Each structure stands twice: as C-alpha cells, then as structure tokens.
Amino acid sequence: MDIVFLVARLLFAVIFLLSAVGHLTQADAMAQYSTYKGAPGGKTGVILSGLTMGVGALMVLFGIFGDIGSLLIAATLIPVSFFMHAHWKESDAQAKQTEQISFNKNLGLIGGALALFLLFAVQGADMGLSVTGSLIQLG
C-alpha cells in the first residue's frame, strides 16, 4: 500500500509543481490576467500563490509534514477558485461553462488536498515512504 500512496502523492503533486513553475516563470503575464479577473495582489500574489503551491506540493510528494503541505495547497486553491474562476460573473455562455469547469475542478482538488491532510494527520509516519510524520495528529 505504501507504493500506491506514493504514486497518488506524485500524481497529485505534479499538478501543483507544474503550476508553480508557470506562476514563477510567467509571473508578469499571469499578473496581468489575474488583475483582469479582479484578483488582488498583482505580481506579488501570483508569485506567492506559486510558492505556496510549489512548497505544498514538494511537502506532499516527499512526505515532509505532508499534512501542512496539503493544507497549503487547499488554502491556496480556495481564493484562486473564487477570484479566477467566478463563473457566476460571466455572461458569455462558453466563458461561463469554461470557468465553471475550472471552478469545479478546483473544488475536487481542494477535496483531494483535505483528504490527503486527513490521511497524513491520522496515519502520520505509518503512511510509509515519508521523510517525516505529520505536525497535526488526529485520531
């Protein structure tokens, strides 16, 4: 089971590692788009969200306080979902559908991050193939 959990962590983390690279290497363009979408923070917000996603993903991937890494990812996705994928603000049907799909995808990723948090926090070092246990102990 340890290898299955490691593969799951890898597949989950790669989404956020790739996104973090995009945030950090294309910060100017992403800042312009985020400003257009009404998100606060500009370039600083783009860089900070990229860093939190990247750090969180590395923590989940390597099992270095994976509970905290999972929470970092969830905490980043919540405002991003509401600012960047506000489908309820769109009047064009195609744009509305595209944003709703992205919003719903993020809801699923938030759910996945919270499920990983719970696994790390309940199982801790027993999860296997992790560098550390969790900082938060539940159950």
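Read the figures in this text as sums done on the coordinates, not as results from a lab. Everything numeric in this text was worked out from a predicted model, so none of it was measured. Using ideal geometry, Cβ is built from the backbone for each residue, glycine included, and neighbour counts are taken over all protein chains shown.
Yes/no per residue for (1) within 30 Å of F5 (Cα to Cα); (2) surrounded by 15 or more Cβ atoms within 10 Å (Cβ to Cβ); (3) out of contact with any strand residue (DSSP E or B) (no Cβ under 7 Å at 6 or more places or on another chain); (4) of a type in the set (A, V, I, L, M):
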| position | (1), (2), (3), (4) |
| --- | --- |
| A29 | no, no, yes, yes |
| M53 | yes, yes, yes, yes |
| L61 | yes, yes, yes, yes |
| F83 | no, yes, yes, no |
| A93 | no, no, yes, yes |
| F117 | yes, yes, yes, no |
Candidate set: region 99-132, residues that are assigned to a helix (DSSP H, G or I) and polar (S, T, N, Q); chosen: the one nearest to A57 (Cα to Cα): N106
Test result for S70, hydroxyl-bearing (S, T, Y), crowded, with 20+ Cβ neighbours inside 10 Å and touching a helix residue (DSSP H, G or I) at 6+ places or on another chain (Cβ under 8 Å): yes
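Can we say K43 is among the basic types (K, R), out of contact with any His (no Cβ under 9 Å at 6 or more places or on another chain) and under 30 Å from S91 (Cα atoms)?
Yes; evaluated as a whole, the condition is true for this residue.
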Filtered residues of region 46-68 (kept if free of Cβ contacts under 8 Å to residues at least 40 places away in the same chain and over 17 Å from G108 (Cα atoms)): V46, I47, L48, S49, G50, L51, T52, G54, V55, M59
The lone exception for L109 - which of (1) in contact (Cβ under 8 Å) with a residue 40 or more places away in the chain; (2) farther than 17 Å from S134 by Cα; (3) surrounded by 20 or more Cβ atoms within 10 Å (Cβ to Cβ) it fails: (3)
So I136, is it closer than 28 Å to I64 by Cα, assigned to a helix (DSSP H, G or I) and β-branched (V, I, T): no
